[in-house]
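Here the structure is laid out as structure tokens; the discussion comes afterwards.
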Amino acid sequence: MSRIGKLPISLPKGVKIDVSKGNFVTVKGPKGELSQQFDADMEIAVGEADIEIKRPTDSQRHRAMHGLSRALLSNMVEGVSNGFVKEMEVVGVGYRVSNTGQLLELILGFSHPIMFYLPPEVKVETKTEKGKNPLIRLECHDKQLLGQIAAKIRSFRKPEPYKGKGIKFVGEQIRRKAGKTAGK
């Protein structure tokens, strides 16, 4: 039995779940609403205070889908009740970041600023304090969308290993390399 798949998912107060024909699941909560189609073979049993996912057989495919389905459903419940947050740090001299509503403006040492428009589901907040690196704070109820947006922003200027300049996640350790050494 899958260690992840057999764990029940507890339903917080204010979260409603609806499983329709063909395992199309809709989860509604205070932060928003998420829908996803799950594998038709999985049995999703909704109880009073928890949800359980069961698999029909022990085949390789069903074992793989069991843990995946449970993790996706757990992330949906967590997202609509609490939401997810990612914080990113912009490291580098002259690197700046600001936002106007959903439009994120990044100045990363290129000849032009990068303008990135975020989807309406993602809330963005930028913070710039003197003597500290600028921060980008992303908040969303959809974990997959949040990770995709954060990865896209990071791809504009990945942290380089020599000086550590670029966009990195808060708490991320950058593997540093030694620079050139004097010849003689």
Original post:
Which of the residues belonging to region 125-147 are open to solvent by less than 70 Å² (accessible area, probe 1.4 Å) and of a type outside the set (Gly, Ala, Ser)?
Top reply: THR126, ASN133, PRO134, LEU135, ILE136, LEU138, GLU139, CYS140, HIS141, ASP142, LEU145, LEU146
Subject >> Residue in region 70-84 that is of a type in the set (Val, Ile, Thr) and outside any helix (DSSP H, G or I) present >> reply: no
Original post:
Between residues in region 163-184 that are closer than 23 Å to TYR95 by Cβ and at pLDDT 90 or above and residues that are open to solvent by 80 Å² or more (accessible area, probe 1.4 Å) and among the basic types (Lys, Arg), which pairs lie under 7 Å by C-beta distance while being six or more apart or on different chains?
Top reply: GLY166/LYS158
Original post:
For region 20-31, what are the residues that are at pLDDT below 90 and either over 14 Å from ARG70 (Cβ atoms) or surrounded by fewer than 13 Cβ atoms within 10 Å (Cβ to Cβ) (or both)?
Top reply: SER20, LYS21, GLY22
**OP:** Would you confirm whether any residue within region 138-160 is in a strand (DSSP E or B), within 27 Å of ARG175 (Cβ to Cβ), at pLDDT below 95 and of a type in the set (Lys, Arg)?
**Re:** no
Original post:
Counting just the residues of region 49-69 that are assigned to a loop (DSSP other than H, G, I, E, B) and in contact (Cβ under 8 Å) with a residue 12 or more places away in the chain, which one comes out surrounded by the most Cβ atoms within 10 Å (Cβ to Cβ)?
Top reply: ARG55
Subject >> Test set (1) open to solvent by 70 Å² or more (accessible area, probe 1.4 Å); (2) touching a residue at least 60 places away in the same chain (Cβ under 8 Å); (3) closer than 29 Å to ASN133 by Cβ; (4) of a type in the set (D, E, K, R) - GLU89 fails condition number >> reply: (1)
Subject >> Given (1) small (Gly, Ala, Ser); (2) within 17 Å of the chain's Cα centre (by Cα); (3) crowded, with 18+ Cβ neighbours inside 10 Å; (4) over 30 Å from VAL27 (Cα atoms), number of the condition ALA150 does not satisfy >> reply: (4)
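The values are calculated or read from the model by the stated rules, or taken from the named source; none is laboratory data. Being a predicted model, the structure only gives us computed values, none of them experimental. We place every Cβ from the backbone using ideal geometry, glycine too, and count neighbours over all the protein chains shown. To get the accessible areas, we keep the full protein, side chains included, count just its heavy atoms, and leave off ligands, DNA and RNA. Shrake-Rupley method; radii C 1.70, N 1.55, O 1.52, S 1.80 Å.
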